[in-house]
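Participant: The structure's right below; bear with me while I get my questions together.
The values are calculated or read from the model by the stated rules, or taken from the named source; none is laboratory data. All values derive from a computational prediction rather than experimental measurement. Cβ atoms come from the backbone with ideal geometry, glycine included; neighbour counts cover every protein chain shown.
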Amino acid sequence: MSGKPDDLQRAVEATLFASEEAMTVEAIAGHLGDADVSAVRAAVQALAEFYQNRGIELVERGKKWHFQTAADLAHLLRREREQVRRLSRAATEVLAIVAYHEPVSRAEIESIRGVQTAKGTLDVLMEAGWIKIAGRREVPGRPVIYATTPEFLQHFGLSSRRDLPGIDELRASGLLDPVDDAYDALTGVEEDRAVDEADDNQVDTASDDAGIDQA
Amino acid sequence: MSGKPDDLQRAVEATLFASEEAMTVEAIAGHLGDADVSAVRAAVQALAEFYQNRGIELVERGKKWHFQTAADLAHLLRREREQVRRLSRAATEVLAIVAYHEPVSRAEIESIRGVQTAKGTLDVLMEAGWIKIAGRREVPGRPVIYATTPEFLQHFGLSSRRDLPGIDELRASGLLDPVDDAYDALTGVEEDRAVDEADDNQVDTASDDAGIDQA
Amino acid sequence: MSENELMFGDASTAGSDEDWIAPASAETEDTALYLELDGWEGPLDLLLDLARRQKVDLRQISILSLVDQYLDYIERAEALKLEVAADYLVMAAWLAFLKSSMLLPKEEQEDPSPEELALKLQLRLQRLGAMRESAARLMARDRIGRDVFVRGAPEGLRIDRKTQWQCDMYALIQGYGQVKARTAPAIHMVRERPVMTLESALDRVSAMLGVTLDWVSLEEFLPPHAEPRLRKSAMASSFVAALELARMGKAEIAQDKVFGPMRLRRVVA
């Protein structure tokens, strides 16, 4: 099949190309001002043959014809493009909380972080394959709980979660130093810094004789 | 051009066929996973040649390529429902003035037409995507200037602005110059005129019979 | 004007009037002309149409007869009691002036000369005519959706971006450390500090005042070898004690100037 297409073939070709829907041979003939149906059928067949092995093909589905991208090139229609992105700080924190506290619900994550956690943050971590939904907690509301995945361990080079440095190790490496430690250091009160981080209402306003205000 | 298309040609064909928009050679190459641009360009050219005289053809409009039905089949394909917006006469004229004079300010459009341009006229053309604001002219008042878009070229089947019907003749005859310049040219410095028209690189056709259609 | 020019035909012959909602030019009869009063887009448009009626190249039209036609048109429109827009009347007045200047003897002419004005009008008409022609030719091109069609149902190209997220061990534990540090309860310890209470200051000041009748500066009431923080506390307490004693009428206070040294003296009862 080569050479120039005849007029009918050209008309059929253009009609099928511009059509928003697949068309039967009869519909094509009708569209072309009542062209001869068998001639149109022949033209369609000739075109289908002509387009074989090209990037596009003319196919019949349930008596209706339409052009489509060649099946073996379907991957061109949807391409995947990989991009490398650093996890945001918020996502990193959430991941760390899941890793240290799993299984953990979103509300728990928020209470540990002290800030609200966007839904998208958990989605990103699930998309990355590092956390997964690990069931529901059997408490009112039955919240979803999250846990890390084997991919997480693999990515971070851990053989198990127990390889994560403990709180004491974090503290020793300075990673737990709160920001205002710097202030304390400057004002010279470092020897007995808050050892207890459990609760804060045990502040003991030691000296009772501090008052200027009791006159 | 016959025989089987090579893989790149098939891929380019499928990509252009499936795309909802016209694509530059670079965009095609990018879509195909950074294929070699010059190879893609060659493939596009080969395809354009291949589709010549078929019911559909591959055309270039403002550096972008797309498939469309052959123009001579218009009578067969024109639907009952007209898909083209009808332009008012004013809009038609303003569009032509922008296209032939771009970039052009509203005041310049009005001075050619001798009437004020209704606000809606430019809006309609911008909404159609055929003209756009192209900055401001650095003269007192810094008026906004307008120019045509790639969609304009696409819609009117122009490969580039140089394809605008009769533009070379209009330039050569000074009909795109402002009245005052044309007056000066006619009355005094006639011989310098061709030199002043720095921007048209076409040979001084100077033809008396270049007339587009003589009355 | 040069002889050999490009010629531009009547727009109506260039086709594609169909794109115009209101065809401006009535083809033939004067009657039609009048009925189309609203069809012109301004005086220049009307002039162009009248010029085209001269059936010659726009570069060869007779401005004088064009002026006559225009004035005639406006007059007749007014006679028919049609409302003529102001800009048409302004053009009429200008053309009437142009005509009279063109008919005047050369010597009496001003600058710009009527010839210049007439030629410029002609040039304007040519430019408008050219654009009108171009517009018609543009509209007559093979237009997408009217003459040529793009693919009816393109599959569309989609690019799915897949993100490869990156994070390392250090960032992870640092993140956890930050959470912990941020949310660790802030513990405020008020440390025991050396202070002098108001009571002890009162005792101390009144006892010392009892020793002398002279003015004594406030500093002298402070414990002499106290460390700075205690001294500060003592200063504050002693000051309040002094005020208290003054209030009770047991002491008087003097200060010569603002922020000057403060002196105290016992009031003898």
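Participant: Can you confirm whether segment C:146-154 contains a residue that is surrounded by fewer than 19 Cβ atoms within 10 Å (Cβ to Cβ), closer than 30 Å to A:LEU76 by Cα and facing chain A (nearest Cβ under 7 Å)?
Facilitator: There is at least one residue in segment C:146-154 that is surrounded by fewer than 19 Cβ atoms within 10 Å (Cβ to Cβ), closer than 30 Å to A:LEU76 by Cα and facing chain A (nearest Cβ under 7 Å).
Participant: Further question on the same structure: For A:ALA107, all conditions in the list (1) assigned by TED's automatic domain parsing to the domain that holds A:GLY166; (2) of a type in the set (A, V, I, L, M, F, W, C); (3) in contact (Cβ under 8 Å) with a residue 24 or more places away in the chain; (4) surrounded by 17 or more Cβ atoms within 10 Å (Cβ to Cβ) hold save one; what is the number of the exception?
Facilitator: (4)
Participant: Let me ask another. Considering only residues that are out of contact with any Asp or Glu (no Cβ under 8 Å at 6 or more places or on another chain) and not aromatic (Phe, Trp, Tyr), which ones fall in segment B:50-63?
Facilitator: B:GLN52, B:ASN53, B:GLU57, B:LEU58, B:VAL59, B:GLU60, B:ARG61, B:GLY62, B:LYS63
Participant: Looking only at residues that are among the small types (Gly, Ala, Ser) and more than 9 Å from chain B (Cβ to nearest Cβ) in segment A:55-73, which one is nearest to B:GLY33 (Cα to Cα)?
Facilitator: The residue in question is A:ALA71.
Participant: What are the residues in segment C:195-214 that are exposed (fewer than 14 other Cβ atoms within 10 Å of the Cβ) and among the hydrophobic types (A, V, I, L, M, F, W, C), if any?
Facilitator: Hits for segment C:195-214 are C:ALA207, C:VAL211, C:LEU213.
Participant: Considering only segment A:22-38, I want to know if a residue exists there that is exposed (fewer than 14 other Cβ atoms within 10 Å of the Cβ), over 30 Å from A:GLU169 (Cα atoms) and at the interface with another protein chain (Cβ under 10 Å from one of its Cβ atoms).
Facilitator: The answer is yes; a qualifying residue exists.
Participant: Further question: Filter segment C:159-194 for residues that are surrounded by fewer than 13 Cβ atoms within 10 Å (Cβ to Cβ), modelled with pLDDT of 80 or more and within 7 Å of chain A (Cβ to nearest Cβ) and give the result.
Facilitator: Scanning segment C:159-194 gives C:GLN164, C:GLN166.
Participant: Next up: Can you work out which of the residues in segment B:117-168 that are among the charged types (D, E, K, R) and surrounded by 13 or more Cβ atoms within 10 Å (Cβ to Cβ) is farthest from the other protein chains (Cβ to nearest Cβ)?
Facilitator: Among those that are among the charged types (D, E, K, R) and surrounded by 13 or more Cβ atoms within 10 Å (Cβ to Cβ), it is B:ARG136.
Participant: Which residue, of B:GLN154, B:GLN202, is modelled with pLDDT under 95 and assigned to a loop (DSSP other than H, G, I, E, B)?
Facilitator: It is B:GLN202.
Participant: With the requirement that a residue be under 18 Å from C:PHE149 (Cβ atoms) and not aliphatic (A, V, I, L, M), what does segment B:14-26 give you?
Facilitator: Once the filter is applied, which keeps residues that are under 18 Å from C:PHE149 (Cβ atoms) and not aliphatic (A, V, I, L, M), segment B:14-26 yields B:PHE17, B:SER19, B:GLU20, B:GLU21.
Participant: Okay, next question. Out of curiosity, is B:ALA194 buried (at least 17 other Cβ atoms within 10 Å of the Cβ), at pLDDT below 90 and assigned to a helix (DSSP H, G or I)?
Facilitator: no
Participant: Any idea which residue in segment C:50-66 is surrounded by the fewest Cβ atoms within 10 Å (Cβ to Cβ), counting only those that are under 46 Å from the mean Cα position of the chain (by Cα) and at pLDDT 85 or above?
Facilitator: Step by step, filter segment C:50-66, then rank; the result is C:LEU50.
Participant: Looking at this structure, is C:GLU252 among the acidic types (Asp, Glu), farther than 15 Å from C:PRO194 by Cβ and crowded, with 17+ Cβ neighbours inside 10 Å?
Facilitator: no
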